[in-house]
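One structure is given below, encoded as structure tokens.
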Amino acid sequence: MALKDAADDVDGALNRNSQRGLSFENAFGGVTSYMRRPYTKDLTGMDMAVTGIPFDQAVTNRPGTRLGPRAIREASTLQPCDPPYGWDINPLTDFNICDYGDVAFDYADTRSFPPALTAHVSTILNAGCGYLGLGGDHYITFPTLRAFAEQFGPMALIQFDAHSDTWPDDDMDRIDHGTMFYKAFKEGLIVPEKSVQVGIRTQNDYDAGCHVIDAPQVHAQTPAETAAQIRGIVGDHPVFLTFDIDCLDPAFAPGTGTPVWGGLSSAQAAAILRDLRGINMKGGDVVEVSPPFDTTGATAIAGAHVGMELMCLYCWNLRERGR
Ligand code: MN
Ligand code: MN
């Protein structure tokens, strides 16, 4: 197969006969599922499902992440003509992966959103599928973790972020993308001593009890050293990996709601993620991509690449350890 096969290869999101295979269709057109995987609600025999969570009603500053899933899908359209770089595993050819479409919810009834998302994620996990979520603001990870904890018990959280998102907030009904991990720790969804926040560069006096590798520390050491620290912290514990795109410096990911300077380069993030292979990865999400502020599309491209790395981490673990 080669790029000239685009002459016959079109709309794989609808026409693909197998869940497996690279895609050579024209990157600039066609139906934009994530990585040109087939759209389906049938999870039978599926290894992994990708789903969009177009929710941005929890932001403290700039909105727009409700448009994130669509932008990440579009940005992913060039990637599936090649195996993922730097891996000896190819989720696209070796595993059954689908685009499960988006979560359904009433945009005007915010209170109904958290249980709707937990049920949506549970449907995927109960089918025996791996999970990759495309956000959406970072609040979405909280209802997601409820489904994961029900399935696997309290999780090890690997959180790439400029912010801790553990600012104290004892009103469990508040829907806020800066306080939900405070609530997730409090609710017992995450094991603090098995969890780590990477890339932090904003002040929060509250100590959630988890490990922190802040942005200056990431810059002071090699990506391999950072990855080794993370692997040491999570050990063999079941992992949920959440990647807030604002972990990256605004130079690499300007299209996000709460940008902070001094962040990771995309090269640092790519090297760290690849070096995490072997963790007991159960699922993950990429959040806070806000297309209205993403004037060059670079943020959505970064989001699409992060999603692919999370897919590789999951499929690697599936191959080595089983589900
Ligand atoms: Mn953040
Ligand atoms: Mn965040």
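The values are calculated or read from the model by the stated rules, or taken from the named source; none is laboratory data. None of these values were measured; they are calculated from a predicted model. Here the Cβ is made from the backbone with ideal geometry for all residues, glycine too, and neighbour counts use every protein chain on show. For the accessible areas, the whole protein counts, side chains as well, though only heavy atoms, and no ligand, DNA or RNA atoms are used. Shrake-Rupley method; radii C 1.70, N 1.55, O 1.52, S 1.80 Å.
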Practice problem: Give the ranking of H120, H138, H305 by solvent-accessible surface, highest area first, calculated with a 1.4 Å probe. | Solution: H305, H120, H138
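Sorted by mean Cβ packing within 10 Å, highest first, what order do the peptides 232-238, 189-195 take?
Ranking, from highest mean packing down: 189-195, 232-238.
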Quiz item: Mind checking which aspartates and glutamates have their C-alpha under 13 Å from K4, skipping anything on the same chain fewer than 8 residues away?
Solution: E25
Quiz item: In the neighborhood of M155, defined by Cβ-to-Cβ distances under 9 Å, what is the net charge if each Lys or Arg adds +1 and each Asp or Glu adds -1?
Solution: +2
Exercise. Take the solvent-accessible surface of the protein heavy atoms, probe 1.4 Å, and return the percent of it on the chain that carbon and sulfur atoms account for.
Key: 52
Quiz item: Considering only protein heavy atoms, what per residue accessible area in square angstrom results for the chain with a 1.4 angstrom probe?
Solution: 38
Exercise. Take the Cα gyration tensor of the chain, multiply each eigenvalue by 5, square-root it, and list the three semi-axes largest first, rounded to whole angstrom.
Key: 28, 21, 20
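Say R0 is 45 Å: what FRET efficiency, to the nearest 0.05, do A228 and D171 get from their beta-carbon distance?
With R0 = 45 Å, the Cβ-Cβ based efficiency is 0.70.
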Self-check item: C247 accessible area, assembled protein chains, probe 1.4 Å, Å²
Solution: 0
Self-check item: Straight-distance crosslink candidates among lysines, where the alpha carbon sits under 22 Å from K186 and sequence neighbours closer than 8 are dropped
Solution: K194, K282
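Which FRET efficiency value, to the nearest 0.05, is calculated for D236 and N17 with the Förster distance at 35 angstrom and r the Cβ-Cβ distance?
0.40
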Exercise. Taking amide H positions as placed in the peptide plane 1.01 Å from N, state which residues far from G101 in sequence (5 or more) or on other chains have amide H under 5 Å from it.
Key: T40, G52
Quiz item: Relative contact order of the chain: what whole-number percent is it, with Cα pairs under 8 angstrom and at least 6 residues apart?
Solution: 19
